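Here is the structure we will look at, set down as structure tokens.
The values are calculated or read from the model by the stated rules, or taken from the named source; none is laboratory data. Just so it is clear, the model here is predicted, and its values are computed rather than measured. Counting neighbours? That spans all protein chains shown, and the Cβs are built from the backbone with ideal geometry, glycine included.
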Amino acid sequence: MTTTSPATGQSPQTSAAPSPGPARRAGHPLAAYAARRLAAAVALLLVVSLAVFALLALAPGDLARTLLGTRSATPQALAAVRSAHHLDDPFLVQYWHWLAAALHGDLGVSVRTGAPVTQAVGDRIGLTLQLALGGFVLALLAGIPFGTLAALRRGRATDRIVQGLGVIGLSAPAFASGLLLVHLFALRADWLPAFGAGDGGTLDRLRHLVLPCVALALSVTGLLLKLTRAAVLRELDADHTAFALARGVPPREVLLRHVLRGALLPIATGAGLVLAYLVAGTVMVEATFALPGLGRLLVDSVTYKDVPVVQAVALLAASAVITVNLVVDLLTPLIDPRIRTGGTR
Amino acid sequence: MTAAAPKPAPSRPLLAVRALRLETASVPPRPLVHGLDLDVQPGESVGIVGESGSGKSLTARAVAALLPGTVRAFGSVVADGREIIDSRSGRPGGLYGRAPEGHRGRTVSLLMQDPFTMLHPLRTCGRQIADGIRAGAPGTSRRGAALAVTERLAEVGLAPGTADRYPHELSGGMRQRAALAAALAPGPRLLIADEPTTAVDAHHQGEVLALIRRLQQARGMGLLLITHDLRVAFSACDRLYVMYAGTMLESGPARDIETHPAHPYTAALLAAEPSVRERYETLPATRPAAGPAAPATGCPFAARCAWAEADCRTAEPVPHPVGDSTGPGGRLTACRRMPAVAADVAAATRRTVAVTVSERTARPLLQVRGARKSYGGHEVLHGVDLEVPEGGAVGLVGESGSGKSTLARLVTGLEQLDGGRIVIAPDAAREDTGGRDTEPLLLAPGRPARGSRLALASAVQIVFQDPYSSLNPVHTVGSALREAAASPAARRRGDSTTTPVPTAEELLESVGLPAAYAARRPAALSGGERQRVAIARALAVRPRLLVCDESVSALDVSVQAQILTLLARLRQELGLSLLLVTHDLAVARQATDQLYVMHRGRIVERGRTDRVLDHPEAPYTRQLLAALPGSPALPGDSGTSRRTEG
């Protein structure tokens, strides 16, 4: 009770001698933890799918007409649509049929093109993933080292410059920085293509993705940088860092094995959020660089009231966010042994 | 600032600090440590004693070349023949603060205070010891390091398997041992231990000190022990330096300082130190500090010193020899009035042992019967009985996790019982006049009704440990006190007492603070003043029982003595009953008549405080007493507890 607060006096585990070998019993609580996380993710996905399905019901006008789209609304066609979508059943039954079909990979037919939704999405998902991952990797490569540098030079000129640049990147919308990049590197310097996804060759695709990825990365690097800086600062100020230096551990080793190791968890959590945001947020960049990705598909589908496609893209984006969060949640016990063994501190 | 007393050293000192000056890197710089001289000979055990703000920990950091970037150092620190201060730049610290090759680790290693934060939470103990081993002997093979880790662990009494454990899997005492193993891993010639026992349970303090002492002697290593606790310093050090507000006030052999302090401050510190063996009439407390800031000129202690003259407030204190003791290790004092006032100081700080504790048979005010409480399926109180007599002072001692704080929170209604009951007797003063509170207040398991909660709050108030977090920083002291005095509990109390509602000013005066403090915010108060405000706030309700949950344990010893004196006075003046929850047996001895010893959720011993502490019967009470620093610890005892732990 010397320095602990009255509140910690309540947790009896802190002073009770730990039973031998909690590390060896780790398998069980870890599996339980993973199962809990997985169940939560599935539950969340169900809730999201319900909301996405409700989009259709909320769409203005007659559902059958909406689903028919540009096709001529003959009574036969309308009746066919009504029965195909179970529109005469109660809402939850409709949802059940839709969900069952979705689980079998059938997300309906595009109102606009008449092609299966899965095909429309499948054609474009590759490009969007490449774009998002590329932007993510660039943001990590810039944000983490510069965030660490800023923390190490806390309060000095380097720190202020790095942070300032981060804020500029953060506050410039992706289309603005994208246009600037196009102007500088495509129009002025003519080093890289200004728009499009290229003719399909790997190298050409890569060349076409450089500027969009940079534009995308710029919008989130500032976030990662700030996050890294805060996490590293906290570790630098921690007693255990001073103690490592005090027993003569070389500063470089302290930085890599103590400081960055300790900052890893908050950075990984933040990076997960950033990745989820990127997967769901490529719209602006795709529009700026005329890339035929999911974002473009979403914009076009909203414009043409192509509800099945909107549903599919929204569901996909939500699943991506949930999956990324699940992965981060499953990674945390690998990073932090205290979560692994259910310890309190 | 070069007023160093020349000391012809017989051999080259392991550590020689000369005119060390530390100041903030701000503009203008604020001085933190003023021209400090300090020596540690090889194999010698030296202590720096001081209260918070004395600069002792910064001095330790400066010697370890680990100053934060916000502090600059000037002067000279020579460790093992090498200068580590670059006076031109003031050498800012930080992660890449330079130190000569091998200074940190091989020459000097620093053991820090808090075993809960000192070790990296994500790395096993073995890895953290191993990186220290490689720092001492670069190029050690994996296998060699693993062997050395086992050796280091054995040295501190931990099993080899501890190497694979993470810090959170170990108890506080084991973590402190693992940290000690890590600190010693590079084989330092000087170990700096910064408050190594403060965060450790009282139960393990003596053990940790004895272990550090034993390893120091076995390795022929120098030890620089930083502590606020005179008992710790006397039990572990050959020589002491006493610091106050960044200034060295006195130095010399520990035994001499203990018996004949040569500075009024040291004398006051010694007098304020509660003893577990005797109870004093009062602990002669120094005047409270004028405020958090120290004066810029003159002796920093002058404002609190009863012997200060005009010159003390203007002339810089210069250390000079005491009596005829010259040469290395001799006595030095910075008091310009010594030895003239030595006899006066000794007389004024002499303590009289209290004759006896009045054997009162007052009726019980608080009765706890079979109290049970669980958290998360884990029972922390296994049926506890406790009684506080009307106007009595009862101590509840035990180590952290014993359940004593839980009991305090149950009694105050901050937690609800899972079993048993708590009874508060009706107010004797109102019984005959037919007031409302003539029925005893009964708390049973489950959430009590609002009426009961109010009645409880009006009868029982609590003062917490940390005065820094228990006061809202945005409210002035006055508004905090007025709010408490106007609370529903205080109004309810108004129905059953004739004492008028006190004003904020009256409350402040009752705890010995000027009424003008009502306009201040907590940030403008020192720790002791904040704790006085916290007590005043509890008194605003005019409670009958005051529960003090470790209320003095975060305070400096001189402030602690002031607060204990205040509590004794309040008991006398207001007829207040006191339940003092503490880990500190000496505090319990000074402030209580009855004592309950708690261990793992059970009362293991109860009785008159003097009898329990002088003739303990329960093995656990004996263990607690034997673990105190300076107690003749039984070697067999500490060996057993080590084995059960490791």
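If the condition is being hydroxyl-bearing (S, T, Y) and in a helix (DSSP H, G or I), then segment A:104-160 contributes A:T118, A:T128, A:T148, A:T158.
Does segment A:230-252 contain any residue that is farther than 30 Å from B:Q176 by Cα and in contact with a Pro (Cβ under 8 Å, 6 or more places away or on another chain)?
No, every residue in segment A:230-252 fails to be farther than 30 Å from B:Q176 by Cα and in contact with a Pro (Cβ under 8 Å, 6 or more places away or on another chain).
I'd like the residue in segment A:276-307 that is part of a helix (DSSP H, G or I), of a type outside the set (V, I, T) and touching a Pro at 6+ places or on another chain (Cβ under 9 Å) and, out of all such residues, is surrounded by the most Cβ atoms within 10 Å (Cβ to Cβ).
Filtering segment A:276-307 for residues that are part of a helix (DSSP H, G or I), of a type outside the set (V, I, T) and touching a Pro at 6+ places or on another chain (Cβ under 9 Å), the one surrounded by the most Cβ atoms within 10 Å (Cβ to Cβ) comes out as A:E286.
Within segment B:374-399, being assigned to a loop (DSSP other than H, G, I, E, B) and within 14 Å of chain A (Cβ to nearest Cβ) holds for B:G376, B:G377, B:G398, B:E399. Just so you know, in segment B:97-131 the residues that are farther than 24 Å from B:A146 by Cα and acidic (D, E) include one that is nearest to the other protein chains (Cβ to nearest Cβ), and it is B:D114.
Just wondering, is there one or more residues in segment B:411-425 that are part of a helix (DSSP H, G or I), surrounded by 21 or more Cβ atoms within 10 Å (Cβ to Cβ) and at pLDDT 90 or above? The answer is yes; a qualifying residue exists. Could you pull out the residue among A:T148, A:T74, A:T158 that is more than 30 Å from A:H258 (Cβ to Cβ) and either polar (S, T, N, Q) or crowded, with 19+ Cβ neighbours inside 10 Å (or both)? So the residue among A:T148, A:T74, A:T158 that is more than 30 Å from A:H258 (Cβ to Cβ) and either polar (S, T, N, Q) or crowded, with 19+ Cβ neighbours inside 10 Å (or both) is A:T74.
Exactly one residue among B:Q590, B:Q572 is outside any loop (DSSP other than H, G, I, E, B) and within 23 Å of B:G50 (Cβ to Cβ), and that residue is B:Q590.
Just the residues that are more than 14 Å from chain B (Cβ to nearest Cβ) and not hydrophobic (A, V, I, L, M, F, W, C), please, taken from segment A:323-340.
A:T323, A:N325, A:D329
Number of residues in segment A:161-182 that are part of a helix (DSSP H, G or I), within 23 Å of A:A132 (Cβ to Cβ) and either of a type in the set (K, R) or in contact (Cβ under 8 Å) with a residue 60 or more places away in the chain (or both): the value is 6. If the condition is being in contact (Cβ under 8 Å) with a residue 60 or more places away in the chain, under 20 Å from A:V302 (Cα atoms) and in contact with a helix residue (DSSP H, G or I) (Cβ under 7 Å, 6 or more places away or on another chain), then segment A:42-95 contributes A:V48, A:S49, A:V52, A:F53, A:L55, A:L56, A:A59, A:T66, A:L67. Residues in segment A:57-88 that are among the polar types (S, T, N, Q) and within 15 Å of A:G114 (Cβ to Cβ): A:T66, A:T70, A:S72. On inspection, A:V167 fails the criterion of being crowded, with 18+ Cβ neighbours inside 10 Å and away from chain B (no Cβ under 14 Å). The residues listed here are B:L566, B:L628, B:L555; of these, the one that is closer than 30 Å to B:L508 by Cβ, out of contact with any strand residue (DSSP E or B) (no Cβ under 9 Å at 6 or more places or on another chain) and within 14 Å of chain A (Cβ to nearest Cβ) is B:L555. Tallying residues that are surrounded by fewer than 21 Cβ atoms within 10 Å (Cβ to Cβ), at pLDDT 80 or above and either more than 23 Å from B:A343 (Cα to Cα) or not aromatic (F, W, Y) (or both) within segment B:277-296 yields 2. Among the numbered conditions (1) closer than 20 Å to B:P319 by Cβ; (2) touching a strand residue (DSSP E or B) at 6+ places or on another chain (Cβ under 8 Å); (3) away from chain A (no Cβ under 14 Å), the only one that B:G222 does not meet is (1). Looking across segment B:148-165, the residues that are under 33 Å from the mean Cα position of the chain (by Cα), among the small types (G, A, S) and more than 12 Å from chain A (Cβ to nearest Cβ) come down to B:A154, B:G157. Against the list (1) more than 30 Å from A:V42 (Cβ to Cβ); (2) within 14 Å of chain B (Cβ to nearest Cβ), the condition A:T288 fails is (2).
The set of residues from segment A:103-160 being hydroxyl-bearing (S, T, Y) and over 25 Å from the mean Cα position of the chain (by Cα) comprises A:S110, A:T113, A:T158.
The numbered conditions (1) basic (K, R); (2) in contact with a Gly (Cβ under 9 Å, 6 or more places away or on another chain); (3) closer than 22 Å to B:L564 by Cα are all true for B:R520 except (3).
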